[in-house]
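Q: Encoded as structure tokens, here's the structure I'll be asking about.
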Amino acid sequence: MPTKWRATTAVGLFLLAVVGIIFAIMGLLSEPPTVNFTTNHAAGQPVDITLETLGTYGSGPHPTWVSYLTKSPEGQWVHTTLWTVPAHTRVNMTIYQYDSGSPLRNQQIGQVTGTVGGQATLNGKPFKVIDSNAGNGFAHTFSIPTLGINVPLYGNNANANLCGAAPCTTKSPHQVIKFSFTTPGPGQYPWQCFVPCGLGYLYGNGGPMQTIGYMDGFLKVSS
Amino acid sequence: MSDPATAGSTTPAAELPTGSQPEVHHWWRLIAIWVILSAILDPLFYFLAGPHIPPGRMTTTAGGAQFDFNVLLVIALPVMLGVWIFMIYAVVMWRASRGGPEPQGGPAARGNLAVQAGWILTTTVIVLFLAGFGTYELVQPGGAGGGQGSSPIWTPTSKTVLPVQVIGQQWKFTYRYPTFGGFETTQLVIPNDATIAFHVTSLDVVHDFWAYQLGVKADADPSYDNVAYTTTSQLGSFTVRCDELCGIWHGAMYNTGEVVTPAQFESWATATESRLAANTKLLPSFSYTYVPDANGADGGYYPDNVDPYSKVETYGATPTKSGGSGG
């Protein structure tokens with residue numbers, strides 16, 4: 001190969017590598033929006049957070065991925081898992097769960113921990129432990145490991161006509177899980193789903209399970 | 001071969017007046033400074049800093065690691081001192097002075113048989129000693145706190161060993177206590193003055209159980225029982241971290257464990273067994289390894305029918321508890 005072509009090829013590959021690195025860095029630095037629950041929050045009052053989970057987001061770069069969505073204080077569904085909440089405040093969580101369920105890889109996460117009263121409600125009925133091998137199993141969990149919080153989210157029947165695109169409405173089959181917890185001092189606390197729901201990835205723990213905005217997020221506690 | 005007494009002198013021996021002695025015996029002076037400083041600093045380091053060298057003395061394996069580090073540092077300190085003393089001495093004694101004569105170096109070390117033989121002999125002795133010492137320190141009852149695989153070679157001498165199963169999963173550790181009904185919890189509590197057998201495994205990718213202050217570190221491999229022994233010797237808390245890059249929340253995969261008195265442990269274990277009973281009965285029977293479904297969300301984790309109980313692991317004097325099963 002002539003020297004001129006060698007040099008051109010080398011420069012071209014170098015530029016490609018640079019562009020790739022820039023895209024990778026941009027991808028790493030970009031993150032979903034943060035929903036702020038501290039604005040207009042009255043001291044001593046609880047914060048209400050409403051989420052939904054669905055089996056396929058339906059659009060965007062990963063339409064087949066499972067995902068969480070967050071309802072902003074203005075009532076808009078936002079594709080994010082980042083929230084700012086006040087410190088030492090009770091948070092009342094309501095999760096509309098639209099995904100199908102399955103037995104857990106580890107039933108240890110089939111129990112409720114770290115919530116007010118050590119329990120949650122499923123469609124209005126309190127529960128502490130559910131056998132994931134019975135019924136529809138679990139679709140996801142809402143877990144903040146550093147705070148000891150774990151709430152399994154009961155699944156829907158996989159044969160039902162499940163919601164396939166965000167945002168889902170309560171016309172689709174769903175489960176409603178409610179629980180409360182108290183925020184700690186200021187800091188950033190990672191939260192995640194512990195059900196390996198990244199279908200098609202090794203051990204189900206790739207893809208949405210490793211992506212902020214889908215099955216991972218941060219609880220940003222401000223002072 | 002050159003005369004060590006003149007090595008490094010600014011005045012070549014050849015230029016000294018006939019019958020005069022060399023100005024300074026630099027080698028002997030350097031050796032004297034080195035021996036004196038080493039003799040002072042080595043014991044000072046060992047007795048003052050030594051007890052504070054990580055990972056502490058919370059367990060026999062941690063204490064062993066601390067002792068090993070101290071031995072290494074006591075050996076390394078004179079080597080470091082030798083380099084520093086020579087460097088400082090050279091700067092002070094043989095530096096060029098402003099406006100003075102150009103300094104002249106002493107005989108080259110290359111070709112100096114005494115220097116070369118001394119260097120090779122000293123480093124060989126140190127390295128061989130450390131190889132033997134390190135091997136000896138690894139081969140002791142219960143091993144040195146590292147994972148020994150599923151068939152440990154170095155087993156503890158204690159007749160009662162508490163088995164604690166460490167289960168890594170993306171992204172947290174959970175712990176099963178087979179001698180207390182096989183409950184599984186995110187808390188790691190162990191008794192003092194007890195030999196612990198950590199059975200480390202994983203439900204998904206490779207993790208690494210690193211209980212830093214315990215001096216225990218073992219890979220958590222899926223479908224593999226990696227056993228690490230230690231014997232506790234101090235009360236207190238310790239940190240557990242995953243030490244194998246395992247995904248997005250690898251950095252958050254840590255928790256704090258506690259070494260408590262045997263009475264407190266019994267109390268905690270029985271209370272936790274009772275508190276978690278509803279979920280424990282839903283767990284699979286205790287097994288040293290589990291075979292998860294690798295294809296995604298569906299499927300639980302399954303025992304592979306390995307005998308979950310070892311003959312040496314019968315902690316405590318309550319054999320009726322040794323048959324625990326989650327299933």
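Q: How about the stretch B:138-243: which trypsin sites (Lys or Arg not before Pro) there lie in a loop by DSSP and see at most 12 other Cβ atoms within 10 Å?
A: Sites meeting the loop and neighbour criteria: B:Lys159.
Q: Can I ask one more? Hey, got the Cα dimensions of the stretch B:121-178 along the principal axes, in Å, largest first?
A: Over the stretch B:121-178, Cα extents along the principal axes are 52, 33, 14 Å.
Q: Residue by residue, what Karplus-based ³J(HN,Hα) values in Hz, rounded to whole numbers, does the stretch B:270-284 have, using 6.51, -1.76 and 1.60 with θ = phi - 60° and x for Gly and Pro?
A: 5, 5, 5, 4, 6, 5, 9, 4, 4, 8, 4, 5, 8, 6, x
Q: Mind listing P(r) for the protein assembly as shown? All alpha-carbon pairs, 10 Å bins, whole percents.
A: 3, 14, 20, 17, 14, 12, 9, 6, 3, 1, 0, 0
Q: For the stretch A:151-168, take each phi angle, set θ = phi - 60°, evaluate the Karplus expression 6.51 cos²θ - 1.76 cosθ + 1.60, and give the result in whole Hz per residue in order, putting x for glycine and proline.
A: 10, x, 10, 4, x, 9, 4, 5, 8, 6, 7, 7, 5, x, 8, 7, x, 7
Q: Take the Cα coordinates of the stretch A:135-190, assign each an equal point scatterer, and use the Debye formula without solvent to give log10 I(q)/I(0) at q = 0.14, 0.24, 0.29 Å⁻¹.
A: -0.53, -1.01, -1.24
Q: Given 20 °C and 1.002 mPa s, how large is the Stokes-Einstein diffusion coefficient of the stretch A:160-209 in µm²/s, with Rh as the Kirkwood radius over Cα pairs?
A: It diffuses with D of about 149 µm²/s by this estimate.
Q: Order of B:Leu30, B:Leu283 from fewest to most other C-beta atoms within 10 Å?
A: Going from least to most buried by this count: B:Leu30, B:Leu283.
Q: Hey, another quick one. Tell me which trypsin sites (Lys or Arg not before Pro) from the stretch B:18-95 have a DSSP coil assignment and no more than 15 other beta carbons within 10 Å of their own.
A: Those satisfying the criteria are B:Arg95.
Q: Follow-up. Whole percent per 10 Å bin, from 0 to the bin with the longest distance: what is P(r) over all C-alpha pairs of the stretch A:21-150?
A: 10, 35, 36, 17, 3, 0
Q: Using just the C-alpha positions of the stretch B:162-272 as equal point scatterers, what log10 of I(q)/I(0) does the Debye formula give at each q in 0.12 1/Å?
A: Ignoring solvent entirely, the Cα scatterers give -0.36.
Q: Then there's this: Treating only the Cβ atoms of Lys and Arg (+1) and Asp and Glu (-1) as charged, compute the dipole magnitude of the protein assembly as shown about its Cα centre; round to the nearest 20 debye.
A: The dipole magnitude comes to about 740 debye.
Q: What 222 nm value per residue comes from the helices of chain A, counting each DSSP H run with n ≥ 4 as -39,500 (n - 2.57) and dividing by all residues, nearest 500 deg cm²/dmol?
A: -4500 deg cm²/dmol
Q: Near A:Val176, within a Cβ-to-Cβ distance under 15 Å, what is the net charge of the other residues, with Lys and Arg +1 and Asp and Glu -1?
A: For residues surrounding A:Val176, the net value is +1.
Q: Still on this structure: Measure up A:Lys71/B:Lys281; A:Lys71/A:Lys171; A:Lys178/B:Lys217 against 28 Å on the Cα-Cα distance and list the ones that go over.
A: Where the Cα-Cα span goes over 28 Å, the pairs concerned are A:Lys71/B:Lys281; A:Lys178/B:Lys217.
Q: Could I ask something else about it? What percent of all Cα-Cα pairs in the stretch A:80-193 falls into each 5 Å bin, going from 0 up to the bin containing the maximum distance?
A: Values per bin, smallest distances first: 2, 11, 21, 24, 18, 14, 6, 2, 0.
Q: What does DSSP give for the stretch B:160-214 in terms of the percent of beta bridges that are antiparallel, rounded to the nearest 5?
A: 50
Q: When all alpha-carbon pairs of chain A are counted, what percent fall beyond 20 Å?
A: 61
Q: Let me ask something else. I'd like the GluC sites (Glu not before Pro) in the stretch B:156-260 restricted to DSSP loop residues with at most 13 other Cβ atoms within 10 Å, sorted by number.
A: Those that pass, being in a loop and sparsely packed, number zero.
Q: Could you give the alpha-carbon Rg of the stretch B:31-152 over 2.2 N^0.38 Å, rounded to two decimals?
A: Computed over Cα atoms of the stretch B:31-152, the ratio equals 1.49.
Q: Please arrange B:Asp68, A:Asp216, A:Asp99 by how many other C-beta atoms lie within 10 Å of their C-beta, fewest to most.
A: B:Asp68, A:Asp216, A:Asp99
Q: Around A:Pro145, under 14 Å between beta carbons, what's the net of Lys plus Arg minus Asp minus Glu among the other residues?
A: +1
Q: Now a separate question. For helix A:3-29, what angle does its Cα long axis make with the longest principal axis of chain A, in degrees from 0 to 90 and rounded to 10?
A: 10
Taken together, the values in this text are just the output of simple stated rules run on the coordinates, not laboratory data. Everything numeric in this text was worked out from a predicted model, so none of it was measured. Please note: Cβ atoms are built from the backbone with ideal geometry, for glycine as well, and neighbour counts cover all protein chains shown.
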